[in-house]
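To keep things clear, I will list the structure first and then write my remarks on it.
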Amino acid sequence: MRFSVPVHSSRHLALTVVAVVAVLVAGSSTSKSAVASKMVLETQAVENRLVAREQVFDGAVEAVNRSTVSAQTAGEIIELPFDVNDYVPKGAVLIRFDDTKPKARYDKAVAGEAEARARLAEAEETFEREKRLLKQDATSKAKFENARANLESARAKLELSKAAVAEAKKELEHTVVQAPYSGIVVERFVDIGEQVQVGQPLGTGVSLEELRVVAEVPGRYIDKVRELQDARVFLPDGKKDLIAVESLTIFPYADPKTHTFTVRINLAKGEYGLYPGMLTKVSFKVGETNELVVPGDAIVHRSEVTGVYVVSDDGRLSFRQIRTGHVSDDGWTVVLAGLDAGEKIALNPVQAAIQLKQQFAGQGHE
């Protein structure tokens, strides 16, 4: 048996289904809006706190280890694996000399030591024999003394041969110049095929393992800097990221022309994206001051605008532009303008933005 539905009835049914779906969707949206509006917005009153008073100065990055390698032996250079600006790992071969003559001298010294050991063994055997014969009155005192003198001479010659081996070995080792630390080649003074003499400079390198920042501090701040020993180094890209400071070295005298004191900020070992010669900012603690502060997580950055969401006494939200100062180590940000002590701000900017949008939507509906 087959049933048929009139055309006008099917259209009515379709419209009814669409209407039901629309009601459900609207109800769902209303429910979500209601849930969002019922979400409790966590706030905090703006307050004054005792924070560090800081002074910021320009600083220049330096390498703690910068050295010029000089030739320890004379000879011809046959290998130069690295050039200027190349990174060199610690222990890598920087320069290799022709070792033909030093190796020949080393081999000769080793052979001389072997001969001296054989002579010593022969002299010891002769001495022991003459000693036994002397006890038996089978030899003369002169022969015994001669054997003892030969033994002492053989021992001395062995010591000389050992020293010759050590010297020849050291000279052979000097034909290979290795990097004392990992770093970058900044200067090279020789080329392959060049004949060099002992003491001649070969190249200069700087280490990236240990860096420091040097800053010039005016005399009016130096006593506090010396007393507090508290500094922060900022990354050179302008971000607020800080670099761990290990210690400070303050020069005990001022520059007679600028009347500033040189301060070395020794950085902890690590990779910070810093290189010798770069400029950065250094902040020194010079005291404490009472400032208006807010949690850093409550601040919103919209393009060039910095602000917070302020909650009024009647619970209404508004976005307030503020001007900020430095950020403390515990995450609090100094507010220079835009807020007063006692005002409440939202601690969750994302949630505050949602509720502010709902607030505007409600005003438009009214």
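Taking (1) touching an Asp or Glu at 6+ places or on another chain (Cβ under 9 Å); (2) under 30 Å from VAL263 (Cβ atoms); (3) aromatic (Phe, Trp, Tyr) in turn, TYR87 satisfies each apart from (1).
Restricting the first member to the stretch 82-102 and to residues that are more than 15 Å from VAL177 (Cβ to Cβ) and modelled with pLDDT under 95, and the second to residues that are β-branched (Val, Ile, Thr) and surrounded by 13 or more Cβ atoms within 10 Å (Cβ to Cβ), the beta-carbon pairs closer than 6 Å and six or more apart or on different chains are VAL84/VAL185; TYR87/ILE184.
Of the residues that make up the stretch 290-308, is at least one surrounded by 19 or more Cβ atoms within 10 Å (Cβ to Cβ) and not in a strand (DSSP E or B)? Yes: the stretch 290-308 contains one or more residues that are surrounded by 19 or more Cβ atoms within 10 Å (Cβ to Cβ) and not in a strand (DSSP E or B). Taking the residues in the stretch 220-236 that are charged (D, E, K, R) and without any contact (Cβ under 8 Å) to a residue 40 or more places away in the chain as candidates, determine which candidate is surrounded by the most Cβ atoms within 10 Å (Cβ to Cβ). It comes out as ARG226. Taken over the stretch 164-186, residues that are more than 16 Å from PRO201 (Cβ to Cβ) and assigned to a loop (DSSP other than H, G, I, E, B) amount to 3. Summed over the stretch 90-107, the residues that are part of a loop (DSSP other than H, G, I, E, B) and either buried (at least 17 other Cβ atoms within 10 Å of the Cβ) or in contact with an Asp or Glu (Cβ under 8 Å, 6 or more places away or on another chain) (or both) give a count of 2. Scan the stretch 321-357 for residues that are under 19 Å from LEU41 (Cα atoms) and either surrounded by fewer than 14 Cβ atoms within 10 Å (Cβ to Cβ) or of a type in the set (Val, Ile, Thr) (or both) and jot them down. Within the stretch 321-357, GLY342, ILE345, VAL350, ILE354, LYS357 qualify. Among residues of the stretch 311-328 being of a type in the set (Ser, Thr, Tyr) and under 44 Å from the mean Cα position of the chain (by Cα), the one that is modelled with the lowest pLDDT is SER328.
The values are calculated or read from the model by the stated rules, or taken from the named source; none is laboratory data. Being a predicted model, the structure only gives us computed values, none of them experimental. When we count neighbours, we look across all protein chains shown, and the Cβ atoms used for this are built from the backbone with ideal geometry, even at glycine.
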